[in-house]
């Protein structure tokens, strides 16, 4: 059972700017930072508010005694979220196709960067390295990876964004044409992939969901990461 809210904690809760409820994922999603952070929990404003509330409650953020639910999420919000679809993905477009990446695998969306080629590449889908916030990240052509082995390497074309994703210790950047934002769906809405797709496509995609009359291929980031790591070994 949660402990009763103290007067000091109530005062702090009233002072904290819960912007994520107004303009973030819990509001109208008009916050200009959502494109970069993808979800409010990745935003420093959200993390600072969490620490402020935890300090007011007198708990260490790493303590196992605290409730596992977010201190920023009141009971009414939790009840509302319980009725939402169970899966959350970031939807983006590349090479005239729509894809979705589970939001827990998304790190950030950044402006395009200069990509430096790698010598002796084992996979033609690996475009090279790009500097993202001081870290060198592997850039991968998602269309080339999903099409399977090709005789000619993919051409480096201009992209609108770099989508940085990570899983199993492998962080990569995908050049994409557009980022539509976060969408949710229920597991029952996931449909099998068409049999006409290439084997590499089906191996790295868990299925298709219909979102706003668009077919969105849901990527399996763990399998993508393993394939990329294997080709870089």
- Filtered residues of the range 121-143 (kept if farther than 19 Å from residue 94 by Cβ and not in a strand (DSSP E or B)): 121, 122, 133, 134
- Message: Quick check on the range 1-22: of everything there that is modelled with pLDDT of 75 or more and in contact with a helix residue (DSSP H, G or I) (Cβ under 8 Å, 6 or more places away or on another chain), which residue is nearest to residue 102 (Cα to Cα)?
- Response: 20
- Note on the structure: Within the range 207-223, residues in contact with a helix residue (DSSP H, G or I) (Cβ under 7 Å, 6 or more places away or on another chain) and at pLDDT below 90 come out as 221, 223
- Task: With the condition kept exactly as written, say whether any residue in the range 23-34 is modelled with pLDDT of 70 or more and in a helix (DSSP H, G or I).
- Result: yes
- Taking the range 102-120 and keeping only residues that are touching a residue at least 24 places away in the same chain (Cβ under 8 Å) and either surrounded by fewer than 15 Cβ atoms within 10 Å (Cβ to Cβ) or over 16 Å from residue 228 (Cα atoms) (or both), one is left with 102, 103, 106, 107, 108, 109, 110, 111, 112, 113, 115
- Only one of 90, 162 is modelled with pLDDT of 75 or more and either outside the structural domain of residue 202 (by TED's automatic domain parsing) or touching a helix residue (DSSP H, G or I) at 6+ places or on another chain (Cβ under 9 Å) (or both), namely 90
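The values are calculated or read from the model by the stated rules, or taken from the named source; none is laboratory data. All of these numbers come straight from a predicted model, not from anything done at the bench. In this analysis, Cβ positions are derived from the backbone assuming ideal geometry, glycine residues included, and neighbour counts consider all displayed protein chains.
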